[in-house]
Structures are given as C-alpha cells and as structure tokens.
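The structure appears below as structure tokens.
The values are calculated or read from the model by the stated rules, or taken from the named source; none is laboratory data. Quick caveat, the model's predicted, so the values are computed rather than measured. Positions of Cβ are generated from backbone atoms using ideal geometry, with glycine treated the same way; all protein chains shown enter the neighbour counts.
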C-alpha cells in the first residue's frame, strides 16, 4: 500500500506542465506574424509622423503669434516717417506689446532684393514700410483697439497679425492629423481582417479539437479563449517587432542630421533628410500602437472564433 | 433521465433515418443499443449527446426539452454526460494523462486538484504505465481505454459508448464490458451501442434494437 502510494506520488511529479489544448503551430503562422509586424510598423510611422507635423505646426504658430507687423503705406501729402513714428507710438502704448521698431531701409531693401534686385533707392519708389511689433508672452494683446487706433491716427497704417496664415497652417496641420488617423483606422481594419481570416483557417484546421471540446462540455468562451491566447501572443510579438522597427527608424533619423553636420556638406544633407527626432510622447504613442494592435488582434480572433463556432453548431 | 417521444430525424431533404422512436432511459440503468450497420445507432447517440436536434418529436434530457436549449445549457448538460466515440477522438498532441484530464481542465479546475484522481483512473483502466505517452503511440485497445477514462473522469450521470469494443480482441472486450458494468453498479446510467451479439450475451441487460430507423426492445 505504502509502496503503491510512493509510486503514484513519483508518477504525479512526472506530469509535465499542461500542453496548450490547441497547438500553437496549428493556429498562427509566420506569415500572420509578418503581416501584423508590417501593419504595426506602418501604424507606428503614421503616429510618429502625425506627432511631428503637429509639433512643428504648433512651434511655427507660437513663433508667428509672438510677432505682428504694421504696414505703413505712403499717403500723398503726408510724411511717411512721421506716420511711422505715430504708428510705433500707438503700438508701444498697446497692452501686451513688448517692443515695436521700424525696419531700417537696409532691411526693407534686403526683403525686396529677390524681386527688385540690389542697389535700390527706396526714396524713389512709393513702397510701404514695415514695423515689427514683438508681443509679450502670456498676455493677450488687444488687436482690435490697436487696429482702430492706427486707422484713426496713423495715415496708411494697417495691422497684419498673421491670423490668416496661422489659420491656414492650423487647417493644414489638422487635415494631416485627420488623414493620419483615417489611414491608421484603415491599417487597424486591415489587421483585423487578416487576423479574422487566419482565425477562420485556424478553427477549420482544428475543427476536430473544437468538436471534442464541445462534446466534453466546453463553453464557447473557453474554446475562444484557447485560440485567443495564441493570437494575443502573436499580436504582441508582431506588434513589438513592427513598433520596435519604427522606433528604431525614428531614433536613427533623429541622430543622422546631427552626425551629418560634422561632415563636409553635412548641413545640406541634414536639411534634405530633415529633423525626424521623436520626443518621449512620440515613443509612448508607438508603444500605445503596439498595445492597440495586440488588443485588436485578440478581439478580432475572439469575435471570429465565436462566429465560426455558431456556424459549426 | 432521457425520454424520446415519436422522434424522427432526417439529414437535409433525405429520407428519415430515425422514425417514430420512443423510449425512456432511467437513472442507474444499463442498456445495449444494437442493430445492423446503417440502422441509425450513431444518429441516435448523436441525438442523445445533443450533437443533433430531432426534425420532429420530443426529446427531454434531465428534464429539459432539447429544442429549447441554448449553447450554454448544452455545454452544462454535456458535463453530466460521458461519451466514448467509436474513433476515440483523442487529441494527438496531448499525452494520455492530459487527454483524460481534459474534461476537468475545461471545467476550470486547478491541475493539482485532479492530478491524483486522473492517475488513479488511468491505473484502473490499465494505463498506469502509459501516462506520458502520446495517442499515436498507443495501441487500439489502449486508445479505447484512454477514451473511456476521459468519458468517466468527470463522474458522469449518463455514459454513452459507441462501439467501445469494436477495435479490441475478445478478452479485452470482455474486460471493457466488465468496466462498464462496474460503472453502472456505481450508479451511472449506461447506453452501450454495439453490434457484437457475443458481447451482449455476456451481460443480461435491456436491448434497444434499431432496424431501418425504427426501435423495438428485446430482453
């Protein structure tokens, strides 16, 4: 009796950790792993690129709204220099304005050089003159009253607050973000469809196992779980490969311009390759895509298994 | 436990393979289901383990009308029924031990809680030294016994066996029959489908005979 118990105990300790009910080889293939990796790579590139565009656009807009321009057109019978002086006075007395200065003749001629050539005598032409107005940070300047005061007291002076440019830039950057998310949505749908096809194939291949599980009283959720586990693993693995490759690409393109600038002609090359350095948020976005792809893969396989089981039943 | 009333079954638009079948199976009863090949034994068994639904008539199983059962109710009822398939249906990538433990694993039980129980049962069916072997390596008789052990492990109230002695030699067939009889004595209702008259002669029990889709009883 004692010997028998000892033998059973010995046998019990020999039992291997339970093998997967549905073997991995019969469920997921290398091709699916590659599809998921590529999809994640594309999705991560989109997220990174959209992040870069947003960041750059925000930077430009911030720079742009920190400075406005007053244009003074020559008016017959008025001394333009006096009008410029008045406009500067008005601007300086406006809330939120840090400084206002008229562009010198040299600066104005340099601005016009590409169109009118060098050696230009501005006194001979009735050209408008510009006043650069620098704004204080975190104070909302009262453009309406500035505009009204200029109209009233400085002849020929108008305010250009770059609002049109800023609005256009915002529209372009928003359009790029929306397009990015739309493409991201398509990539995720394509991933779901690929996983769905693969799942249908996996259930068909393992139909005998599914039937046995049903006959011994397994609920559909249990059967779905046995497949889902494999797809979660392949989703995570594919996601990590694709997301890792995208992160690596951004890291390398972020370093390259810096490296190139040390070489002869490097600045030009760096200008061509652009600055693709992602910030921490960008890398977090890529990590988010990896998790999202794994979840989408799992969800798609679960829904497909349950549909397929209903068909089998 | 099981009640068939004027049950008819047809596949698609084909002829009826079962016609006006009516019978009852009580708890702790033992019956052979017999008849020539093609008489509808397997179809009747499939109705009994809810793999098919009748095209007409009424089947009640553990007090439930089978036509009103949802997928979760079917799964719950199947846990009270043990099935031994003619072709065993063991999973080739799982060891004998894992195959037999599968119904308990499906129920979500912890492996440590049933390990000793499964090993004990495998010893009882004579597979104590084949625990870690994969089914392709097992002989026909060993596969049969593993399939029987899998059907018994969750202590079903009702056991269905389709030709469980079809692939074994007469001495082993007798041993397996003794196993089913022993199980019946311990309180399980058994339906044993066979066309082996010699086997049925070894145990005095009710015989449900199927011929051309109709059922009659012999004693």
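At a glance:
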| quantity | calculated |
| --- | --- |
| Residue match in the range A:130-137 (condition: over 35 Å from the mean Cα position of the chain (by Cα) and farther than 30 Å from residue A:298 by Cα) | yes |
| Some residue of the range B:96-103 being surrounded by fewer than 18 Cβ atoms within 10 Å (Cβ to Cβ) and either in contact with a helix residue (DSSP H, G or I) (Cβ under 6 Å, 6 or more places away or on another chain) or within 9 Å of another protein chain (Cβ to nearest Cβ) (or both) | no |
| Pick from the range B:104-114, criterion surrounded by 15 or more Cβ atoms within 10 Å (Cβ to Cβ) and more than 8 Å from chain A (Cβ to nearest Cβ), ranking: farthest from residue B:162 (Cα to Cα) | B:114 |
| Test: residue in the range B:183-197 that is under 23 Å from residue B:101 (Cβ atoms) and in a helix (DSSP H, G or I) | yes |
| Filter result (in a helix (DSSP H, G or I), farther than 26 Å from residue B:189 by Cα and within 14 Å of chain A (Cβ to nearest Cβ)) within the range B:115-156 | B:135, B:136 |
| Leading residue by the ranking (surrounded by the fewest Cβ atoms within 10 Å (Cβ to Cβ)) among those in the range A:24-79 that are within 14 Å of chain B (Cβ to nearest Cβ) and touching a residue at least 12 places away in the same chain (Cβ under 8 Å) | A:24 |
| Any hit, the range A:192-202, residues being closer than 15 Å to residue A:64 by Cα and either surrounded by 15 or more Cβ atoms within 10 Å (Cβ to Cβ) or in contact with a helix residue (DSSP H, G or I) (Cβ under 7 Å, 6 or more places away or on another chain) (or both) | no |
| Pairs where the first residue, in the range B:164-187, is exposed (fewer than 12 other Cβ atoms within 10 Å of the Cβ) and the second is in a loop (DSSP other than H, G, I, E, B), C-beta under 7 Å, 6+ apart | B:187/B:28 |
| Residue check for residue A:257: outside any helix (DSSP H, G or I) and either more than 14 Å from chain B (Cβ to nearest Cβ) or at pLDDT 70 or above (or both) | no |
| Top-ranked residue in the range B:5-34 [being over 30 Å from residue B:182 (Cβ atoms) and outside any strand (DSSP E or B); ranked as nearest to the chain's Cα centre (by Cα)] | B:11 |
